[in-house]
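The values are calculated or read from the model by the stated rules, or taken from the named source; none is laboratory data. Keep in mind the model is a prediction, meaning the values are calculated, not measured. Cβ placement follows ideal geometry from the backbone for every residue including glycine, while neighbour counts extend to all protein chains displayed.
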Amino acid sequence: MEQQKNRVRAEVKLPLILIHTPFGLEFFDRVAKWRAAKVYADYNTYLMPTITALAIFLIIGSLMIMIGNANARGAVANVGPQANLLIPGLNPYLPITYGWVALIITIIIHEAGHGIVARVYNIRVDSTGIVLLLGLPIGAFVNIERDELNRATLKQKSAVLTAGPLNNMILAGASLLALFLVISTLNPLPPDPNAPQFGVMVMSVNPGTLAESVGMEPGSVIQYVAGQEVRSLEDLGNYLRASSGSTVDVTWINKAGDTVTRPVTLPPDVEKGKAILGVTVTLLSPDPQAVLDRYKGAFGSNPLALLLPPTMQQGAVPYSDLMAPKYESSVLGSAFAPLANLLFWLWFINFNVGIFNALPIGPLDGGQLYGALIEKHAKSKVLAKNANMLLTLVMAAIVAVAILVPYVPF
């Protein structure tokens, strides 16, 4: 058995392939001997409730916004339910390259937290390795010996389970700080004299919408609807609603500077709060200095506002595809955007994975910890099992409602 653990081997669980390696086990044993690891294990055990409280606060807050704001419901419904998945390629706003890199790092950091703290308390780790999907690495795994974990004290079990989400939150915070440092080096470039003089700028195009069907893309400038000049956000909405049910020409200037005109058949009736073309727009040529100042200010005033991806708010993020050409970094020159985007997605994915795993839902880290707490204080195993199941069902129902509310007519 020891010989088998000390060699690389593959295990096929279609569509996944698990590559077991001894390297993670050796790494966990080395790091577990560090004094910092022991201190981390001693104190992290009390932090899971804090992460759980933040997760529940954000879910309830999101649910209240969806219930009370028709425009917010419409915007989320236009994106589609796949936007709730942290899977690059399925989530329309999660870029494949940055998304995969950030997701792999996130899972490795999460699993390493469990493995290292388990070894601090001499809880056996059976195996560790990487996970492949269709030959592509998508993360890592750590198999902790379940019986030994169950026999550990509640404090030790709490430390092991908390380590994964807490590692993600720490990396999220570090990535956000590094992103702020990059943003702080930016300076706006002089304006382009050849830029369009009127119109509204498209920040994002929702999948499966009229705008996507006619080839409109982020960075386009809509100038005419049915032959009428669009000079404000109100103009665009008014002209489109006035032409409901008919086919009109829409003219825009694309990112290459070409003028494009396409006939667009508008729906006869549009649900309140839903976009007609399926785009988000902003005033023409957002002031780069104002965009930079607002974004930098959010780091101190409301960091959670920075969770909205740059792919969803192109005109409000200095390192988005739309705005990045308008800046130069005093340190990185024009090459700041890839680093800033990677740091954002590390912050975004780690934060979401951290708070999700802290939820009191069955097999999640939070669910296992609160299940152990219930079992310790319950008068019987049957009562503990029922209470844990009830907690899981209630929390899962709240999450499901928060996801489904945008698709329910009010």
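So here's what we get for this one:
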read-out: Qualifying positions in region 13-36 - assigned to a strand (DSSP E or B) and more than 15 Å from ILE138 (Cα to Cα); value: THR21
read-out: Among (1) under 30 Å from THR209 (Cβ atoms); (2) of a type in the set (Val, Ile, Thr); (3) surrounded by 16 or more Cβ atoms within 10 Å (Cβ to Cβ), the one test that VAL31 misses; value: (1)
read-out: Single residue of region 230-282 satisfying the filter (among the basic types (Lys, Arg) and in a loop (DSSP other than H, G, I, E, B)) that is surrounded by the most Cβ atoms within 10 Å (Cβ to Cβ); value: LYS274
read-out: Scope region 358-374; condition surrounded by 24 or more Cβ atoms within 10 Å (Cβ to Cβ) and within 19 Å of ILE108 (Cα to Cα); matching residues; value: ALA358, ASP365, GLY366
read-out: Criterion (exposed (fewer than 14 other Cβ atoms within 10 Å of the Cβ) and either assigned to a helix (DSSP H, G or I) or of a type in the set (A, V, I, L, M, F, W, C) (or both)) met by exactly one of VAL101, VAL39; value: VAL39
read-out: All positions within region 62-80 that are β-branched (Val, Ile, Thr) and at pLDDT 80 or above; value: ILE65, ILE67
read-out: Tally, over region 77-91, of residues that are closer than 23 Å to GLY354 by Cβ, assigned to a loop (DSSP other than H, G, I, E, B) and touching a residue at least 60 places away in the same chain (Cβ under 8 Å); value: 1
read-out: Selection within region 323-340 - among the hydrophobic types (A, V, I, L, M, F, W, C) and either surrounded by fewer than 20 Cβ atoms within 10 Å (Cβ to Cβ) or more than 11 Å from PRO288 (Cβ to Cβ) (or both); value: VAL331, LEU332, ALA335, PHE336, ALA337, LEU339, ALA340
read-out: Test: LEU149 is of a type outside the set (Phe, Trp, Tyr), more than 30 Å from the chain's Cα centre (by Cα), farther than 30 Å from GLY257 by Cα and not in a loop (DSSP other than H, G, I, E, B); value: yes
read-out: All positions within region 286-326 that are among the aliphatic types (A, V, I, L, M) and either in a loop (DSSP other than H, G, I, E, B) or farther than 14 Å from PHE348 by Cα (or both); value: ALA290, VAL291, LEU292, ALA298, LEU308, MET312, ALA316, VAL317, LEU322, MET323, ALA324
read-out: Boolean, ILE403 is closer than 19 Å to ILE59 by Cα, in contact (Cβ under 8 Å) with a residue 24 or more places away in the chain, touching a helix residue (DSSP H, G or I) at 6+ places or on another chain (Cβ under 7 Å) and assigned to a helix (DSSP H, G or I); value: yes
read-out: Subset of region 173-198 [at pLDDT below 90 and surrounded by 16 or more Cβ atoms within 10 Å (Cβ to Cβ)]; value: PRO196
